[in-house]
Amino acid sequence: DEMVAAALRHGVAPVFLATPLSSDARLLALAAHAQGYVYVTARVGITGERGSVDANLDAEVARVRRCFDLPLLCGFGISGPEQLLAVRAAGADGAIVGSATVRRIADNLGDPDAIVSAVRAFVRTLRLAADSAAPDR
């Protein structure tokens, strides 16, 4: 309650994680306070680049969607366009691509122009994939 109140006082939407380990009761309790979107973890474990998403992600997205009336964005292991398309096919509204973006920054430390170029090129591939996904929600 204190975190939600502080976030709202500062104009920040309270965004919560929904994991495969979250019970339905926990998700429903979070739904009473969540705003903006829900961060659905695409796997159990730690974040980082992966080659694929969990095979049961569609069932997990459907379970979380029953508890929230907010956009669902998947993260944890989303490394590129293939995973972005997989989370969209699983029913998510979008993807969060952190580690793969940070890697492009780290690979070009010391050269701000190269950082911008690498991130821009990477995000462009993600945008093309997102635009090709059916926006039927």
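Kindly establish whether Leu109 is more than 20 Å from Asp58 (Cβ to Cβ) and open to solvent by 40 Å² or more (accessible area, probe 1.4 Å). Yes: the conditions hold for Leu109. When residues in region 9-22 are screened for being farther than 26 Å from Arg63 by Cβ and modelled with pLDDT under 95, 0 of them pass.
Going through (1) modelled with pLDDT of 95 or more; (2) surrounded by 15 or more Cβ atoms within 10 Å (Cβ to Cβ); (3) under 16 Å from Ala90 (Cα atoms) one by one, Pro71 falls short only on (2). The condition of being modelled with pLDDT of 95 or more and acidic (Asp, Glu) holds for only one of Asp107, Asp58, that being Asp107. Just one of the numbered conditions (1) touching a helix residue (DSSP H, G or I) at 6+ places or on another chain (Cβ under 7 Å); (2) open to solvent by 40 Å² or more (accessible area, probe 1.4 Å); (3) at pLDDT 90 or above is not true of Thr47: (3). For region 15-41, a residue qualifies if it is open to solvent by less than 70 Å² (accessible area, probe 1.4 Å) and polar (S, T, N, Q), and the qualifying residues are Thr19, Ser22, Ser23, Thr41.
Considering (1) open to solvent by 30 Å² or more (accessible area, probe 1.4 Å); (2) in contact with a helix residue (DSSP H, G or I) (Cβ under 8 Å, 6 or more places away or on another chain); (3) at pLDDT below 95; (4) β-branched (Val, Ile, Thr), the lone condition that Ile115 does not fulfil carries the number (3). Within region 123-131, not a single residue is more than 27 Å from Val12 (Cα to Cα), in a loop (DSSP other than H, G, I, E, B) and modelled with pLDDT of 95 or more. Could you check region 10-25 and list, in sequence order, the residues that are part of a helix (DSSP H, G or I) and touching a helix residue (DSSP H, G or I) at 6+ places or on another chain (Cβ under 9 Å)? Matches in region 10-25: Asp24 only.
The values are calculated or read from the model by the stated rules, or taken from the named source; none is laboratory data. Nothing here was measured: the structure is a model prediction, and the numbers come from that model. Using ideal geometry, Cβ is built from the backbone for each residue, glycine included, and neighbour counts are taken over all protein chains shown. Protein only, heavy atoms only, side chains kept; ligands, DNA and RNA dropped before computing areas. Shrake-Rupley method; radii C 1.70, N 1.55, O 1.52, S 1.80 Å.
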